[in-house]
Amino acid sequence: MKTYREIQGGWGRGIRFTLIASVVMVMLVLQACGNNAGSGKEASSAAGGGTNTAEAAGGETAGNAPAVLSFGFIGSNKLNVPGGAEGWGFHKGIIQEELKKYGITEVKLTGFPNGPDQTESLISGRLDFGSLGDTPAIIAYASGAKTRLISQSSAHTVGYLIGKKDGPKTVKDLQGKTIAIQKGSFMHRYVVGLLQQEGVTGYKLVHMLIPDATAALARGDVDATTNLGVPALKLIDEGYTHLDDASKHPDLLGSSATVVSEEYLEKFPDFPKVWNAAREKALADLKQHEEEYYEFLAEIGDTTPELAKQVNPISDIKDTAFTEDGLKLLQGTKNFLVEEKLAKKDFNISDWQLQ
């Protein structure tokens, strides 16, 4: 007959065995679930064309972002895309595939004639984020727009100042003259800064969108206007006077600004990291197809690949979200806008910028 101690020891061993068996069973169930989840992720990655970069970057997993993303850019063309790495990425579907990994299944792109119009849509909630010139982006933020700066894809935007035929021959000839500008745009800042440096006063600035300003210049209603890129070169080829351009004034060059609304960031906090990673992937692909990229620019700009290459060389595209020279240019632009009272208040770029 077993003693009480022997019986108790047997019960203890039985209890321990039961506990161990239970733990092993739970571990097997969890492992099975993990394997099934892993298979799902691999299938999703394969469908998306590669490894799930979201997880590799430690970002949000699929399903955490709103399904529809609204993006604004400056310009209008038949392909409805911007230039640069962003435009190439959208055109080739690279960015869309990256965003799908986070649950974003549709991207709505909208072109705007100028930066102020785009920032108005961003402030009103019609856009989630957008890429535009630094000047309107700064003016909007200084006016209270709840945006955050997430990248500068370019820091070499060249503005042109073009005079009417048989009109002013030099910048100094604009004393007391009328100049068409897009108020609140990068070119607005360029012209005011240029005239200040040249000591020109008494001039009159009138707000006109580029098509209207070009028509006014042809009629002789204005003495000069601002323009950029291929349209500017076309005007010069047509005999209009090339008074100046920002390439001669490094401190007056423009840069781009990609900004996102704080409202969208509340829904998808990791969006800046996700967007910049997708953009960099598009840029890497772009560099492998340079000739095709310039043909793409020619198509959206209604020009030739040769002119597109001259105006928008790939070397101008930044391969990281922020660079030292880009931030320096941004700081100088902000300081100028505050001094000229074009920006309502001063602020620290670092408070606006998201690394």
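The values are calculated or read from the model by the stated rules, or taken from the named source; none is laboratory data. Note that this is a predicted model, so its numbers are computed, not measured. Every residue, glycine as well, gets a Cβ built from its backbone with ideal geometry; the counts of neighbours run over all protein chains shown. Ligands, DNA and RNA are stripped out before the accessible areas are found, and what is left, the full protein with its side chains, is counted by its heavy atoms. Shrake-Rupley method; radii C 1.70, N 1.55, O 1.52, S 1.80 Å.
Some observations on this one:
- Extreme residue, positive dipole direction of segment 243-289, given options 257, 283, 246 (C-beta unit charges): 283
- Cross-link reach is defined here as a Cα-Cα straight distance under 20 Å, omitting same-chain residues fewer than 8 places apart; for residue 287 the lysines meeting it are 92, 309, 318.
- Exposure ranking of 208, 187 by accessible area [1.4 Å probe, largest first]: 208, 187
- Computed over neighbours whose Cβ is under 15 Å from that of residue 323, the net charge equals -3, Lys and Arg +1, Asp and Glu -1.
- Summed side-chain charge close to residue 200 - residues other than residue 200 whose Cβ falls under 13 Å, Lys, Arg +1, Asp, Glu -1: -1
- Residue by residue, segment 273-287 carries 3J(HN,Hα) couplings of 5, 5, 4, 5, 5, 5, 5, 5, 5, 5, 5, 4, 5, 4, 5 Hz when phi is fed to the Karplus relation 6.51 cos²θ - 1.76 cosθ + 1.60 (θ = phi - 60°); x denotes Gly or Pro.
- Exceedance of the 22 Å cut-off in Cα-Cα distance is limited, within the set 183/341; 172/204; 78/267; 267/334, to 78/267; 267/334.
- J(HN,Hα) series, segment 216-226, from Karplus relation 6.51 cos²θ - 1.76 cosθ + 1.60, nearest Hz, glycine and proline x: 5, 5, 5, 7, x, 6, 10, 8, 7, 8, 9
- Given charges at beta-carbon only (K, R positive; D, E negative), |dipole| of segment 76-143 in Debye: 220
- The trypsin sites (Lys or Arg not before Pro) of segment 77-141 meeting both criteria, a DSSP state outside H, G, I, E and B (loop) and at most 14 other C-beta atoms within 10 angstrom of the site's C-beta, are 78, 126.
- Positive contributions from Lys and Arg (+1) and negative ones from Asp and Glu (-1), summed over other residues with Cβ under 13 Å from the Cβ of residue 233, come out at -3.
- Near residue 244, the amide H atoms lying under 5 Å from its own belong to 161; only residues 5 or more places off or on other chains count, and H is placed 1.01 Å from N.
- Compared with the alpha-carbon gap, the fully stretched path from residue 299 to residue 219 is longer by 25.9 nm at 0.36 nm per residue.
- At the residue level, residue 204 shows approximately 120 square angstrom of accessible surface with a 1.4 angstrom probe and all protein chains present.
- The listed residues 225, 105, once ranked by accessible area (1.4 Å probe) with the largest placed first, stand as 105, 225.
- Close amide H contacts of residue 206 (hydrogens built in the peptide plane, cut-off under 5 Å, sequence separation of 5 or more or a different chain): 179, 180, 181.
- Dividing the Cα radius of gyration of segment 83-158 by its Kirkwood radius returns 0.97 for Rg/Rh.
- Amide H contacts of residue 69 (H built 1.01 Å from N, under 5 Å, at least 5 apart or other chain): 106, 107, 108
- Applied to segment 157-162, the Karplus parametrisation 6.51 cos²θ - 1.76 cosθ + 1.60 on θ = phi - 60° returns per-residue 3J(HN,Hα) values of 7, 9, x, 10, 10, 10 Hz, with x for Gly and Pro.
- When the Cα positions of 170, 158, 129 are compared along the charge dipole of segment 117-181, 170 comes out farthest toward the positive end, with charges on each C-beta of Lys, Arg, Asp and Glu.
- For residue 354, the solvent-accessible surface computed with a 1.4 Å probe is close to 50 Å², ligands and nucleic acids excluded.
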